[in-house]
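Engineer: Shown below is the structure under consideration.
Just so it is clear, none of the values below were taken in a lab; they were calculated from the coordinates. The model shown is predicted, which means the values in this text are computed figures rather than measured ones. Reconstructed Cβ throughout: ideal geometry from the backbone, glycine too, with neighbour counts over all protein chains shown.
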Amino acid sequence: MSELQCFSTGPDAGPAIGAGTPFFEDAALASLQSRAMSYLRAGVPVHFRGPAGTGKTTLALRIAARLGRPVTFITGDEWMTRADLVGREVGQVENAVHDTYVARVRRTERRVSAVWEDAPLARAMGEGHTLVYDEFTRASPAANAMLLSALEERVLAFTDPVAGRDLLAADPEFRVILTSNPGDYAGVNAAPDALIDRVVTFRLDRVSMETEAGAVAAATGLDAVEAAQLVGMVRNLRAGASGTAALSMRTSMLIARLLAAAGLRADPANPAFLQICTDVLGSRLGLGSADLASRITEAALPSGRKVA
């Protein structure tokens, strides 16, 4: 059975997911969010696809929060099964009835019944939640097969008699947001054509430098100019070497968070800045400290210069 990562939010669970998270929004992101929300309100699922570190999950949670409904969040993995989405028997309950109607005669009748528990997909459908299914292609196509009828016909079929029903019709407020990584990532399955045909897919793998720098500044508190310098440096490192798939916007945010906490600038002439970059980037680039320091210095942008 999968170690399913799942949580839900609602009126009694505090602020909505993503509501208090700093979020950069330029014209391009505002337009994307507006379109995604209009499609979701029309009952059409949306899918954010892109490399790790491009902000897919943050964007999905923010849009889900803005819809104003409780959010159910699950993360796909290779061990997920149909039961992890639909539900399963979780135990048994035994009831005993003692009949003492006839004096000096005691009759006991015992009844054992199975206990069924709905899984996140079934709960979200039944209660009208917004389901955010993160990295759904890490689960097997067999596990995700249940999504087809849930997305189009908005019904969920139960094959286990313990469930006590054959079909579950989705609440009118039920909505679905999917995220996924490209198919060439390890552990990622190809998204079935039949499923992709039921959703609107947004590709997030081409974010401008200005958008990325703004997102880094908003998420970490680093000065906007410093964030642009840092993002430019990471982009130059990514473009100038092979095997740098791990360098993403998330990498820039990690370095920026450490710089902001230490009150440092993105200045390659500062040994403290170089040390932070070396610690963060060393394992990602596979370089020793001396070579890495040289690469960082070369990749750092002169003031005012921008990388596309």
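Engineer: Residues with amide H under 5 Å of F202's amide H, sequence separation 5 or more or different chain, H placed in the peptide plane at 1.01 Å from N; which?
Structural biologist: Under 5 Å from the amide H of F202 lie the amide H atoms of H47, F48, R49, each far enough along the sequence or on another chain.
Engineer: Using alpha-carbon pairs under 8 Å, 6+ residues apart, how would you state the relative contact order of the stretch 209-299 in percent?
Structural biologist: Numbers: 94 pairs, mean separation 25.6, N = 91.
Computed over the stretch 209-299, the figure is 28 percent.
Engineer: Moving on. Between A191 and residues 5 or more places away or on another chain, which pairs have amide H atoms under 5 Å apart, with H built 1.01 Å from N, and which residues are they?
Structural biologist: Those qualifying (amide H under 5 Å, at least 5 residues apart or on another chain) number zero.
Engineer: Within 10 Å, count the other beta carbons around each residue, average over each peptide in 136-146, 189-199, and list them highest first.
Structural biologist: 136-146, 189-199
Engineer: Under 15 Å from the Cβ of P172, count the other residues' Cβ atoms, weight Lys and Arg +1, Asp and Glu -1, and hand me the total. Numbers along the way, then the final one.
Structural biologist: Details: positive: R41, R69, R154, R175; negative: E127, E153, D171, E173.
Charge balance near P172 sits at 0.
Engineer: Please list 3J(HN,Hα) in residue order for the stretch 168-176, calculated via the Karplus relation 6.51 cos²θ - 1.76 cosθ + 1.60 where θ = phi - 60°; whole Hz, with x for glycine and proline.
Structural biologist: With the stated coefficients, the stretch 168-176 comes to 10, 8, 5, 4, x, 8, 5, 9, 10 Hz.
Engineer: What list of ³J(HN,Hα) values in whole Hz, one per residue of the stretch 135-146 in order, does the Karplus curve 6.51 cos²θ - 1.76 cosθ + 1.60 (θ = phi - 60°) give from phi, with Gly and Pro shown as x?
Structural biologist: Rounded to whole hertz, the list is 6, 5, 6, 7, 7, 6, x, 5, 5, 7, 4, 5.
Engineer: Using amide H atoms built in the peptide plane, which far-off residues or other-chain residues are under 5 Å from R88 H to H?
Structural biologist: The list, which skips near neighbours in sequence, is E117, A119.
Engineer: Over all alpha-carbon pairs in the stretch 209-299, figure out the percentage whose distance exceeds 22 Å. Before the final figure, lay out each step's value.
Structural biologist: On the way: 656 of 4095 pairs.
The answer is 16 percent, as a whole percent.
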